[in-house]
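Working notes, structure below.
The values are calculated or read from the model by the stated rules, or taken from the named source; none is laboratory data. Bear in mind the structure is a predicted one, so any value in this text is a computation, not a measurement. Here Cβ is always computed from backbone atoms with ideal geometry, including for glycine, and neighbour counts include all displayed protein chains. Note: areas computed on protein heavy atoms with side chains; ligands, DNA, RNA excluded. Shrake-Rupley method; radii C 1.70, N 1.55, O 1.52, S 1.80 Å.
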Amino acid sequence: MADENDNERMDDNQKSDKMFTLKKWNAVAMWSWDVECDTCAICRVQVMDACLRCQAESKKDSYGKQDCVVVWGECNHSFHYCCMSLWVKQNNRCPLCQQEWSIQRMGK
Amino acid sequence: MSTPARRRLMRDFKRLQEDPPTGVSGAPTDNNIMIWNAVIFGPHDTPFEDGTFKLTIEFTEEYPNKPPTVRFVSHMFHPNVYADGGICLDILQNRWSPTYDVSAILTSIQSLLSDPNPNSPANSMAAQLYKENRREYEKRVKACVEQSFID
């Protein structure tokens, strides 16, 4: 019995021409940095932080001023310059996309 | 002494624990982070299913610029595994990338179990049986699975 009543009520709702009214609208926007990845895939540290090698060395001989810069390739992949300069000595390709490595820009 | 290679391995271990891939596990040995023990479970729907295959991974101070040496400790019968347990896998040799970590290495070896490459054989008998007599191949693999429970 109860089921039948429910079905009738639903039919009534469908017949009315206005099923719902929009009372509130919340738009959500997302943003992200315009770089392909923000973690250096070689040493797994954020590119904006010093690489593992520099972190270890600055502790050892306190060259706090030695800046560990970021390098972007033409492929838009970014790495620490220190990490990448060691890798390109043995293979001049981007470790992520295997494209020929050429530097687009360097900096922080 | 904490070198870049050792620090990277600590990160690999952390990632392996926080985001463990299914069917593989690994950890550094008690007193040396440069030597790891790992286990790969035989993938479902392959003759390796239910096997627990043990491996060792040895890193050098050049990691991650140079790949580690990975070796099966458990006896294996697979077209791309040498008699001494050494593995013939491109990403552990000429296709190595410093972006790989322990997690990536273990999952690649796991998928090698499912998809052997009989055209570059390390075990010619296994490669031949894989191509020409799949029933015998599966029988030999199943014997390895049984063996893996013991050793």
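Helix B:134-150 and the longest principal axis of the C-alpha atoms of chain B enclose an angle of approximately 50°. Given their separation in residues at 0.36 nm each and the Cα-Cα distance between them, B:Asp50 and B:Ile35 gain 2.8 nm when the chain is fully extended.
Taking the Cβ of B:Arg8 as the center, what net charge do the other residues with Cβ under 13 Å away carry, scoring Lys and Arg +1 and Asp and Glu -1? Result for the neighbourhood of B:Arg8: +4.
Restricting attention to segment B:2-146, the count of lysine pairs at 8 or more positions apart or across chains with alpha carbons under 22 Å apart stands at 6. Each of B:Asn123, B:Ile150, B:Met10 was placed along the dipole of chain B (beta-carbon charges, centred on the mean Cα), and the one lying farthest toward the positive end is B:Met10.
Once A binds B, the 1.4 Å probe can no longer reach about 1400 Å² of accessible area, counting both sides. When the helices of chain B are scored as -39500 (n - 2.57) per DSSP H run of n ≥ 4 and the total is divided over every residue, the value at 222 nm lands at -11500 deg cm²/dmol.
Restricting the calculation to Cα atoms, segment B:35-151 shows an Rg/Rh of 0.96 when the hydrodynamic-style radius is the Kirkwood one. Solvent exposure of segment B:1-132 amounts to 48 Å² per residue of accessible area, where only protein heavy atoms count and the probe is 1.4 Å.
Surface composition of chain B: carbon plus sulfur atoms hold 48% of the accessible area, using a 1.4 angstrom probe and ignoring ligands, DNA and RNA. FRET efficiency for the pair B:Glu62 and A:Ala29, taken as 1/(1 + (r/R0)^6) with r the Cβ-Cβ distance and R0 = 51 Å, rounds to 0.70. For segment B:42-79, a reduction of at least 50 Å² in accessible area between the chain on its own and the assembled protein chains (probe 1.4 Å) is found at B:Asn65.
Largest first, the three principal axis extents of the alpha carbons in the protein assembly as shown are 76, 64, 38 Å in whole numbers.
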